[in-house]
Ligand code: NDP
């Protein structure tokens, strides 16, 4: 057994120090790597209370000052990147490349972008009003208060810190409940925050099980960003609804990839392999189903199988591997079930297909051919290293099948004709569609990221998401000082007739308002 981490973090600032513990195991070896508090509902309430108090001073700072402190946090993260990568590799079983590029780098970039962009995005702005011309309207973006962040295990550094950084730059305090499977990386993020001399209570971590997350929703937060599965998301959204807490729901995906007849074969094949097997397929935007035009299908499938067989899989803490481990045994069982169901209904396993024997949780990168929509692998989220192929005769058929899903997070279209690809993209039902690329919008900080249908609502990243971390306050100011206002008391017949005439003049067909609306 390797070295077991003690409860990480600076004892004074972590919640739940006296609580029972949850344990974190390395997926690649099965060894226990550390423990973290299983924070009780009472302790969560105390954490939110401390966050609310700390938010008052933090929220009162100019946004530029908050941004410069967040850059200090970014610098500390960059300084300690190798330490973070080491822990991500151990706790998640993901390759070092992915730990660095998809986790640490994304967070560093995000902090840099918002530090620069937030002052502009959050600056009060005047809007033009067409009727109340005697007044001026301004929109302000005050912080909401305490933002709760509940996050999953698949990107346990990037996803929670994305939301935490955005919440903080907007002037909120943030309380994070990480997945119980990957608590140590969240504790590390908190430890780095504290070590950088940043205000302890403004960013807190409450590790624990699902009930710790439920307690966070009940602890007095003003906004919640939830990232996780659809089933949990429904429970969480209902709990928010009961308390009228506004929330963002970032839920599961079933990303289709449409390979048009003119798609570049090599790029499409490589994109499928990367998009299907990055993070061992445990990504909400993984390529989860391929619809390949019959003109390209056989050659594409063959190349994908060939590239898949070249992937190097193993313990990422020992070697530079392409594919690491599967987070816990249940995810392997899910993959096995999908494959058994598909094969029973006529699919063929063309690569992989089974778990790797020995210590640790590994599953072979799997390519399935001859799939169709009677199979669970084409309908339900896989969240593992399986890429199912289906041949289609037209792009219309591919579009219909791509849209035949209860999920709508990401989608991919491959065509040599970019404009054609874009036109298809417009018709795919998804929150984000990439033409001739995969996964990259997960790190496109300026662009809103999120889903439609049961993939959730609200957006992460981009201007909209930052403003969503705030209340929108409308402040209306008079232009001219008067003693009374024609809209106010007293109500008289003369006044009534004046407005009646005004109604016709302004809104009657071809009236004044039509002219005004033509001008504005
Ligand atoms: P879960 O839905 O199981 O868990 C997500 C988080 O919710 C965890 O921290 C979990 O805690 C917590 N939780 C569980 N029960 C409750 C509750 N009753 N109240 C509040 N919080 C609760 O998801 P996974 O961790 O298994 O993550 C995988 C899922 O996340 C996939 O479906 C994937 O598609 C989705 N996902 C979506 C993304 C997006 O941006 N749309 C990005 C990444 C993943 P605990 O772990 O302790 O149970």
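No lab work stands behind these numbers, since they all come straight from the coordinates. Keep in mind that what you see is a predicted model, and the values were worked out from it rather than measured. Please note: Cβ atoms are built from the backbone with ideal geometry, for glycine as well, and neighbour counts cover all protein chains shown.
Some points to look at:
- C-alpha center-to-center spacing [region 411-461, region 464-481] in angstrom: 30
- Rounded to whole Å, the principal axis extents of the Cα atoms in region 221-351 read 54, 40, 31, largest first.
- Contact order relative to length of region 119-180, as percent, for alpha carbon pairs under 8 angstrom and 6 or more apart: 33
- Ranked 293, 130, criterion: other C-beta atoms within 10 Å, fewest first: 130, 293
- Over all directions, the projected convex hull of the C-alpha atoms in region 302-448 averages 10.5 nm² in area.
- Stokes-Einstein D for region 368-425, Kirkwood Rh over Cα pairs, 37 °C, 0.692 mPa s (µm²/s): 257
- Three principal axis extents of region 128-238 based on alpha-carbon atoms, in descending order, are 58, 38, 24 Å.
- Sequence-separation-based contact order of region 414-520, relative, with Cα cut under 8 Å and 6+ spacing, percent: 12
- Counting only Cα atoms, the size of region 372-471 along its three principal axes is 48, 32, 22 Å, in decreasing order.
- Debye log10 I(q)/I(0) at q = 0.23 Å⁻¹ for region 270-331, Cα point scatterers: -1.02
- Relative protection proxy for 451-464, 486-499, 233-246, from highest mean packing down: 451-464, 233-246, 486-499 (other beta-carbon atoms within 10 angstrom).
- Ratio Rg/Rh, restricted to region 208-257 and using Cα atoms, in which Rh is the Kirkwood radius: 1.03
- Angle between the chain longest axis and helix 183-195 axis [Cα atoms, degrees, rounded to 10]: 50
- Neighbour-count ranking [beta-carbon atoms within 10 angstrom, fewest first] of 153, 193: 153, 193
- For the chain, share of DSSP beta bridges that run antiparallel, in % to the nearest 5: 40
- Ranking of 328, 414, 389 by neighbouring Cβ atoms within 10 Å, starting from the fewest: 328, 389, 414.
- In degrees, nearest ten, helix 493-507 long axis to first principal axis of the chain (Cα): 40
- Computed E for residue 494/residue 137 - FRET, C-beta separation, R0 25 angstrom, nearest 0.05: 0.25
- With a cut-off of 20 Å on the backbone N, the residues of region 312-349 near the modelled label site 7 Å out from residue 374 along Cα-Cβ are 337-349.
- A Stokes-Einstein calculation at 37 °C with viscosity 0.692 mPa s, built on the Kirkwood radius of region 304-373 over Cα pairs, returns a diffusion coefficient of 253 µm²/s.
- Cα pair count fraction exceeding 42 Å, expressed as % - the chain: 28
- Relative contact order for region 62-121, counting Cα pairs under 8 Å that sit 6 or more residues apart, in percent: 51
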